[in-house]
Amino acid sequence: MSESDRSVTATTGSPTLRKSLTSQPIAFVGAGPGDVELITVKGRRLLDHADCIVYAGSLVNPAILAGCKARIHDSAGMNLEEIIEIMANAWHNGQSVVRLHTGDPSIFGAIKEQMQRLDAIGISYMVVPGVSSAFGAAAALKAELTLPEIAQTVIITRQEGRTPVPDLEKLRLLAAHQTTMLIFLSVSMIETVVLELLAGGYNESTPVAVVEKATWDSEQIILGTLADIALKIREAGICKTALICVGRVFADLPLAAVSKLYDKDFSHGSRAAA
């Protein structure tokens, strides 16, 4: 038996070797931010043909599972071992398996630990990207995250809470860059976020947009500045599933400069200067 035909049973963690009934890898799929049409064509096809789906029920829009023939498992109340056990057992039984994550699984998706467990027991997998809520929120705000001479860098991060962040990634240190920031998993700590951003160098007039459940039918947008956004968020009752968007790109002001891409006096590989 070749190494590719060997796997360790996930249920016991013992070195028992079993021959897999399928060569199809488990698919980690990004479901998109909420709108069921914002999943990729490939992701939709994998869902429709899956025999087993394990989805992040606390975040994924359940409407995206409508019509799926698969046996569906909500991972909201599961631990890592339980998730791996379900996927491994289905895979060993020759079933096609989808692990469905919200947005794009590469951003705060906790997929690395799952993939390492699958590596350890010899199960193959692949990752299908999705539309992150970061970009769903930008679309909802009709915002360009990188504007000429205003911001050419986007920082995706979160405020430290029960789970720590590396020392060099404290919010006030990142705020020193004065660029576009998209802050996940932090709206419940909005007062702390504001204090950290101000301590890092943003001024109170810095535009802030909070997008709750971006692209869902129940999407809500709160606009403000660092001076008043915390109060507005508390008054709106927003405490989770929202992205904090910070920076001058969210100001509704005329551009101080425009892109060179379409400047008639600027030549590039596809166009000569006028």
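The values are calculated or read from the model by the stated rules, or taken from the named source; none is laboratory data. Quick caveat: nothing in here was measured; it's all calculated off a predicted structure. Quick reminder, even Gly has a Cβ in these numbers, built from the backbone with ideal geometry, and neighbours come from all protein chains shown.
Summary of values
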| quantity | calculated |
| --- | --- |
| Single residue of Leu231, Leu197 found to be part of a helix (DSSP H, G or I) and over 25 Å from the mean Cα position of the chain (by Cα) | Leu231 |
| Segment 103-112, residues that are under 15 Å from Ala27 (Cβ atoms) and either charged (D, E, K, R) or at pLDDT 95 or above (or both) | Asp104, Pro105, Ser106, Ile111 |
| All positions within segment 47-102 that are among the aliphatic types (A, V, I, L, M), under 15 Å from Ala27 (Cα atoms) and touching a helix residue (DSSP H, G or I) at 6+ places or on another chain (Cβ under 8 Å) | Leu47, Ile53, Val54, Ala70, Ile72, Ile83, Ile84, Met87, Ala88, Val97, Val98, Leu100 |
| Test: Leu59 is modelled with pLDDT under 95 and over 21 Å from Leu118 (Cβ atoms) | yes |
| Hits in segment 234-274 (condition: at pLDDT 95 or above and not in a loop (DSSP other than H, G, I, E, B)) | Arg234, Glu235, Ala236, Ala242, Leu243, Ile244, Cys245, Val246, Arg248, Val249, Phe250 |
| Residues being modelled with pLDDT of 95 or more and surrounded by 14 or more Cβ atoms within 10 Å (Cβ to Cβ) - total across segment 14-41 | 15 |
| Considering residues of segment 128-161 that are of a type in the set (Ser, Thr, Tyr) and in a loop (DSSP other than H, G, I, E, B) only, the residue nearest to Ser106 (Cα to Cα) | Ser132 |
| Filter result for Val194 (surrounded by 16 or more Cβ atoms within 10 Å (Cβ to Cβ), touching a helix residue (DSSP H, G or I) at 6+ places or on another chain (Cβ under 8 Å) and either acidic (Asp, Glu) or farther than 30 Å from Glu82 by Cβ (or both)) | yes |
| Yes/no for Ala209 being closer than 26 Å to Ala63 by Cα and either touching a Phe, Trp or Tyr at 6+ places or on another chain (Cβ under 7 Å) or surrounded by 15 or more Cβ atoms within 10 Å (Cβ to Cβ) (or both) | no |
| Residue within segment 200-219 that is touching a residue at least 12 places away in the same chain (Cβ under 8 Å), part of a helix (DSSP H, G or I) and within 18 Å of Ile150 (Cβ to Cβ) present | yes |
| Only listed residue being of a type in the set (Asp, Glu) and at pLDDT below 95, chosen from Glu149, Glu219, Glu144 | Glu149 |
| Tally of residues being in a loop (DSSP other than H, G, I, E, B) and either on the phi < 0 side of the Ramachandran plot or without any contact (Cβ under 8 Å) to a residue 12 or more places away in the chain (or both) across segment 75-106 | 12 |
| Residues located in segment 29-63, provided they are in a helix (DSSP H, G or I) and either touching a residue at least 40 places away in the same chain (Cβ under 8 Å) or in contact with a Leu (Cβ under 7 Å, 6 or more places away or on another chain) (or both) | Leu38, Lys42, Gly43, Leu46, Leu47, His49 |
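Condition check ((1) closer than 19 Å to Gly57 by Cα; (2) among the acidic types (Asp, Glu); (3) surrounded by fewer than 15 Cβ atoms within 10 Å (Cβ to Cβ)) across all residues:
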position	(1), (2), (3)
Asn89	no, no, no
Val98	yes, no, no
Gly103	yes, no, no
Ile121	no, no, no
Val128	yes, no, no
Leu141	no, no, no
Thr163	no, no, yes
Leu171	no, no, no
